[in-house]
């Protein structure tokens, strides 16, 4: 009858509705997935562009300008490392640099003379209780203990500064003595008498005047250990030398007090060349 | 020429390896180049030495010149002797102006005022080192050239390196003369001995490799130890541990070569700790024990112990403190930092 027919229609309608719902759901799903694909494609393209940029950047090509508002994290890190290294290099070049350690600080004092970098020395300090020198590589003839006794506990900066003065002055004196021995060995008679601190130099050298050579003796005493110029100079010639040479000796004595040793000898050579 | 001098020169030449004889005689400078050319340095050493003595006869060598040859030999072969290190002390703070002539004069005067029969020779070297050779006699006999002491002193440092050989009784006199000549107050022997003079110098002058932490960029490639070369089939199971050991070792020993010591000696004066039930050594007396580590190169072998798997890293500070404490003789007493704080006072 009619009810059966109605039931059948109802059932059909129900089925159709369900199917439609299913289809709609599927379509929705499809649409969502399509949208997702779009999103992902977009992201991929962005990343690709970034990679290309980085590669181009590494090859140094002036290609596409990267978005300045968004430098990559890697670029930022690299820049940071570079500027820290530069800062450390600057500190090293100033002559005194330090690094915190587990138990204190480790300092490095670098010496230089007239633009030439010479040796570096290290100090490993403990700072937990009172300040103590744990280890160091300072030469034994530098009065480290004396300097430490005076300044280490009260004023570390002063301690480092005074020590650095001693080390730099020593490096300068040694440099001058080495230069003298190396470059002017033909003018030196016999051996150059020196000592570990290079604060006493005694040597004989030749001075030519009117195509005759006369032996001079020089004794340079460096009374100030923080200074690379001598405090006392004695230049003497043999008793039988002509009187004019006494003036030359005095002039040399004065020169040694004011000018670096090897530079003084340079000026002797050039002066003699111009005279003869 | 004195017969004893001739014999002394002959014996000194015999000590020198044959290939080195000519160079050493040239360094000596006592025989002229023409004289040296008359000697056949390829014959047996017996004959070479005879020829050399003959030439020295022509030049009338005396003991002073013969002594110089001995100094040169010992300077080139210092490792044939055992060297001890002595430390000098002074209280004043005046700047030192080491004057070599002054030093030599004071030393000779002091020594000779106590003992007339000595032969004293000096020789200076480029590294500010003064070598002193002393041949000892007695108040009644001439100096015995075969009983010599050697002293090496670097100006303006508190350390003296002495190789005594036989007559230890002359040591106090020698020490006194050194103190006076170098303007110090007193001197004591350190607990540091070795055949390698240069290594002793490295230790007390702090020239050995110490690992200081600095920011100064050392190229990192240097530190990455050579890659596991060789067989790629070998996989190191405990690579982390190996790397840790390398790191710890480097922190302790540094990168460079170690000073060369032949032994380290530990004298124990500690109580024997045993299970009380065992009842061993009931009397509470220290257990006397001497531990001696010997090696052709002690510090290098200690450095290689942990990487070779024979010891744990880090090594005991008793072993690793040797260069820093500048000693290789230790007395270990009971308790409180069993560390050998006290020096053995003279």
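Just so you know, all these numbers are worked out from the coordinates, no wet-lab data involved. Just so we're clear, the structure is a prediction, and the values are computed from it rather than from any experiment. Cβ sites come from the backbone with ideal geometry, for glycine too, and all protein chains shown count toward neighbours.
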How big is the range A:144-198 on each of its three principal axes, counting only the C-alpha atoms and giving the largest first in Å? 50, 15, 8
At a Förster distance of 51 Å, what's the computed FRET efficiency of residue A:11 paired with residue A:41, Cβ-Cβ distance as r, to 0.05? 0.70
Where the Cα atoms of the protein assembly as shown are projected onto their three principal axes, how long is each span, largest first, in whole Å? 158, 91, 62
Compactness relative to 2.2 N^0.38 Å, alpha carbon Rg of the range A:106-217: 1.44
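Per the helix-only calculation at 222 nm, which mean residue ellipticity applies to chain A, given -39500 (n - 2.57) for every DSSP H run of n ≥ 4 and division by its residues, nearest 500 deg cm²/dmol?
Rounded to the nearest 500, the figure is -18500 deg cm²/dmol.
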Ratio Rg/Rh, restricted to chain A and using Cα atoms, in which Rh is the Kirkwood radius: 1.54
Any chance you could give the angle, 0 to 90 degrees and rounded to 10, that helix B:100-114 forms with the longest Cα principal axis of chain B? 80 degrees
At a Förster radius of 56 Å, what calculated FRET efficiency corresponds to the Cβ-Cβ distance of residue B:238 and residue B:62, to the nearest 0.05? 0.25
Quick one: helix B:171-181 against the long Cα principal axis of chain B, what's the angle to the nearest 10°, folded into 0 to 90? 80 degrees
Students often get this wrong: which residues of the range B:286-317 have the backbone nitrogen under 11 Å from the point 7 angstrom along Cα-to-C-beta of residue B:251? B:314-315
Spin-label model distance (nm) - residue A:93 vs residue B:272, 7 Å beyond Cα toward Cβ: 6.7 nm
Using a 7 Å offset from Cα along Cα-Cβ at residue A:100, what residues in the range B:183-215 end up with backbone N under 17 Å from the label point? B:213-215
Can you sort B:83, B:131 from fewest to most other Cβ atoms within 10 Å of each residue's own Cβ? B:131, B:83
Degrees between helix A:243-258 axis and first principal axis of chain A (Cα, 0 to 90, nearest 10): 20 degrees
Taking the convex hull of the alpha-carbon atoms of the range B:28-104 and averaging its shadow over every direction gives an area in square nanometres of 8.5 nm²
Counting only helical runs of four or more DSSP H residues, what would the 222 nm mean residue ellipticity of chain B come to if each run contributes -39,500 (n - 2.57) and the total is spread over all its residues? -10000 deg cm²/dmol
Mind checking B:146-159 for the average number of partner chain beta-carbons within 10 Å of each residue's beta-carbon? 2
Alpha-carbon Rg/Rh ratio, for the range A:87-150, with Rh computed the Kirkwood way: 1.00
Given a Förster radius of 45 Å and the C-beta distance between residue A:250 and residue A:135 as r, what FRET efficiency does 1/(1 + (r/R0)^6) yield to the nearest 0.05? 0.40
What is the Cα coordinate range of the range A:22-159 on the first, second and third principal axes, sorted by size from largest, in whole angstrom? 94, 39, 21
If each of residue A:161 and residue A:114 carries a label point 7 Å out from its Cα toward its Cβ, how far apart are those two points in nm? 2.7 nm
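Given the alpha-carbon gyration tensor of the range B:13-156, what are the semi-axes of its equivalent ellipsoid in whole angstrom, ordered largest first, with each equal to the square root of 5 times an eigenvalue? Could the numbers behind the result be given before it?
On the way: eigenvalues 207, 65, 41 Å².
They are 32, 18, 14 Å, listed largest first.
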Measure off 7 Å from each Cα along the Cα-to-Cβ vector at residue A:183 and residue A:240, then give the distance between these two points in nanometres to one decimal. 3.5 nm
The orientation-averaged projected area of the Cα convex hull of chain B, in nm², is 27.9 nm²
Where is the GNM fluctuation largest for chain A (alpha-carbon springs, 10 angstrom cutoff): A:13, A:177, A:251? A:13
